[in-house]
1. May I ask you to verify whether Glu305 is within 21 Å of Phe120 (Cα to Cα) and either within 23 Å of the chain's Cα centre (by Cα) or open to solvent by 20 Å² or more (accessible area, probe 1.4 Å) (or both)?
2. Looking at Arg176, Arg159, can you tell me which residue is open to solvent by 30 Å² or more (accessible area, probe 1.4 Å) and closer than 30 Å to Ser109 by Cα?
3. Tell me, please, whether a residue that is more than 29 Å from Gly261 (Cβ to Cβ) and assigned by TED's automatic domain parsing to the domain that holds Arg269 can be found in the range 36-44.
4. Filter the range 205-225 down to residues that are part of a helix (DSSP H, G or I) and open to solvent by 30 Å² or more (accessible area, probe 1.4 Å) and give me whichever is farthest from Thr138 (Cα to Cα).
5. Sort out which residues of the range 159-217 are of a type outside the set (Asp, Glu) and free of Cβ contacts under 8 Å to residues at least 24 places away in the same chain, and write them in order of number.
6. Say we look at the range 91-116 and pick out the residues that are within 11 Å of the ligand (Cβ to nearest atom) and more than 19 Å from Gly293 (Cα to Cα); which of these is surrounded by the fewest Cβ atoms within 10 Å (Cβ to Cβ)?
7. Using beta carbons and a limit of 8 Å, which pairs, at least six apart or on different chains, have the first residue in the range 107-130 and in contact (Cβ under 8 Å) with a residue 24 or more places away in the chain and in a loop (DSSP other than H, G, I, E, B) and the second one charged (D, E, K, R) and within 11 Å of the ligand (Cβ to nearest atom)?
8. Can you tell me which residues in the range 192-204 are open to solvent by less than 30 Å² (accessible area, probe 1.4 Å), under 16 Å from Ser315 (Cβ atoms) and either out of contact with any Gly (no Cβ under 7 Å at 6 or more places or on another chain) or outside any loop (DSSP other than H, G, I, E, B) (or both)?
Amino acid sequence: MEKKVSKIGVMTSGGDSPGMNAAIRAVVRTGLYHGLEVYGIMRGYQGLIEDDIYKMESRSVANIIQRGGTILKTARSKEFMEYEGRKKAYDNLKKRGIDGLVIIGGDGSFRGAVKFSQEFDIPCVGIAGTIDKDILGTDFTIGFDTAVNTAVEAIDKVRDTMDAHDRIFIIEVMGRDAGYIALHSGIATGAENILIPERKTDINDIIASLKEKERRKKMVNLIVVAEGDDFGGANEVQKVLQENLPKAEIRVCILGHIQRGGSPSCIDRLIASRMGYHAVESLIEGRHNIFVGIQNNKMNYMPLENAVKNKGKVSDEWMKIVKILAS
Ligand code: ADP
């Protein structure tokens, strides 16, 4: 195996997601296994600019596989959006002799890496770490499975009270541009309606079905809405439904940040370990400026610039399943 890098840096950037620690652990231990020096970069690109970088050993990543968040912390960096910021970042890497970067983050972080690798001679490899699962070219992103399981657990609890009181509940889950958390958690909790940014919301259709339920005196109805739905979030939906069904008890529950935290699921730990391992192997084998994904249970290496928002890709099959199973 030809070795082209000797010192690598690893960072987490953008929105945090459960399982990032498992990925850091895999990168560090795989790097050390291959005799590389591995450096942890704190707070994503901002730490790179501020030279907040430290050498990592095997014990630096002991006992973290089960922890949510990220031991390297994460940040959004305005400075890195400018050339001057990226030049500072490059100078810090050069000074330390770091000749490869692993970036664990979402599509924004990948866009930053594309710019950086185009301007400077630092090979970058991305690992998709985002709860939104909105990156084209991978069936999994680190954190999605945990976030969905958190949402499912919470929605199940809300369903109990919804059922006891004959109420309509509108539950808002995360997903500004992507509806996967809403879709998966909605199907898994038997939601009657799932509202996502990728599909136009037909509010009149929902009103009509609720009026029919009201007529039959069966007012239990669960609506899961992604925060970025085209019609608006849970509060907007509630307002319009209440206007049209003045007698109905319609409650809103916004799950919010609980979806980001917590101990990563087994699946997230597994994919983080696998992606972390393959990210380092890629740097060593000369597969540069790509991100590692998993498709059909095989590793998939895609150019970083292909990691665009996966908008509009929700399959018709899923939408049909939602409709049939809720009827
Ligand atoms: P995520 O990686 O979760 O999608 P962001 O979109 O906030 O999160 O991106 C994380 C960071 O990546 C930004 O704060 C910025 O520093 C960097 N970044 C994003 N887009 C660009 C860009 N076009 N050029 C340079 N850096 C970028």
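1. Yes: the conditions hold for Glu305.
2. Arg176
3. The answer is yes; a qualifying residue exists.
4. Arg215
5. Thr161, Ala164, Asn204, Ala208, Ser209, Lys213, Arg215, Arg216, Lys217
6. Lys115
7. Taking only residues 6 or more apart or on different chains, the pairs are Phe120/Arg86; Thr130/Asp107.
8. Ile194
The values are calculated or read from the model by the stated rules, or taken from the named source; none is laboratory data. Here the structure is a predicted model, which is why all the values come from computation and not from measurement. Note that each Cβ is placed from the backbone with ideal geometry, even for glycine, and that neighbours are counted across all protein chains shown. In case anyone asks, the SASA skips ligands and DNA or RNA and just uses the protein heavy atoms, side chains included. Shrake-Rupley method; radii C 1.70, N 1.55, O 1.52, S 1.80 Å.
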